[in-house]
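Down below is the structure, laid out as structure tokens.
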Amino acid sequence: MIDVEYLAAKSLKYKQDVMRMAYRRQSGHLSTAFSQMDILVTLYHGGILKYDPANPRWEGRDRFIMSKGQGGIGLYPILADLGFFPKEELDRFAAPGGILGVHCEDNIPGIEMLTGSLGHGLGLALGKARALRDDGNDAMVVVLTGDGELCEGSNWEAMLNIAHQQLGHLVVIVDHNGGATIGHLDKIDGVNDGPRLDSIVDKFKSFGFLAFPTDGHDIKAMWGRFKVWIERKCPQYAAPVALVCDTVKGKGIKSMEDGSFFPTHYRLPMGADLEKALKNLGMDAVEFKTEVGGENVGY
């Protein structure tokens, strides 16, 4: 079993790292990083993914694809903590001379491919999964998408092919936080009477996936789900897997969670909103201002 308290502490620490990174450069997607953080911590610290920080291109590694490339700021602290690259790179996020951009890029150790133009990750994962099978490599291909990204039709084309190819070593994880760049998914284009992507689990099932819902902030529950698909790597399990993780956009910052700070996709809290956010994360406001440079904080 896993130490849930340890993983929860890791999740909080990484959120604090993300805050410092974002405010140093006044850039990055806080709400996206926070909704996905518990998922990533469970994958990387829960013994789910196979990887080697000393050899990022190790052939035996599982291929993790951050399809929602804007979530890179939430993945970078984990990769640095594991030793994929020096932690000093976090201080150079989105800065000249640094390797970490706002979106994931494949020049970064631990990043499989450039993503950020949404709707491409699943199709690329299909190609990787097919190539691994053809090479006799039993590594998993794990893709993290956002629910807003699933509005892109290219995902559904990829799903048809993935199920047809019976790529049982491919897993799709959906960060189902209900939000997108331009607003809440149940209100996009004037659709106010229900979610635009209702019954995501049923949709995956209709495409031939084994699909399950889970709580994207319940580390123990997620670990149990993830463990199942690790142990199912045998010939009789041919269907790909989809895990739809219900999450909260901006999880950990109350004003983002309850929607009182809006829009949350791009903006960073400032002034009193920032002070409240720092308190939510257990951070000292004066110390934070010194760390990131007072001129950037916006008090």
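The values are calculated or read from the model by the stated rules, or taken from the named source; none is laboratory data. Quick caveat: nothing in here was measured; it's all calculated off a predicted structure. With ideal geometry, Cβ positions are generated from the backbone for all residues, glycine too; neighbour counts draw on all protein chains shown.
Looking across segment 281-299, the residues that are of a type outside the set (A, V, I, L, M), at pLDDT 90 or above and either surrounded by fewer than 17 Cβ atoms within 10 Å (Cβ to Cβ) or at positive phi (or both) come down to GLY282, ASP284, GLU287. So, of the residues in segment 152-162 that are surrounded by fewer than 20 Cβ atoms within 10 Å (Cβ to Cβ) and hydrophobic (A, V, I, L, M, F, W, C), which turns out to be farthest from PHE85 (Cα to Cα)? The extreme case among them is LEU160. What are the residues in segment 102-151 that are of a type in the set (Gly, Ala, Ser) and either surrounded by fewer than 18 Cβ atoms within 10 Å (Cβ to Cβ) or touching a Phe, Trp or Tyr at 6+ places or on another chain (Cβ under 6 Å) (or both), if any? Within segment 102-151, GLY110, SER117, GLY127, ALA131, GLY136 qualify.
Taking residues in segment 157-180 that are free of Cβ contacts under 8 Å to residues at least 12 places away in the same chain and farther than 17 Å from VAL142 by Cβ, and partners anywhere that are assigned to a loop (DSSP other than H, G, I, E, B) and of a type in the set (Phe, Trp, Tyr), not one pair has Cβ atoms closer than 6 Å while being at least 6 places apart or on different chains.
In the set (1) under 29 Å from GLY178 (Cα atoms); (2) assigned to a helix (DSSP H, G or I), the condition left unmet by ILE111 is number (2).
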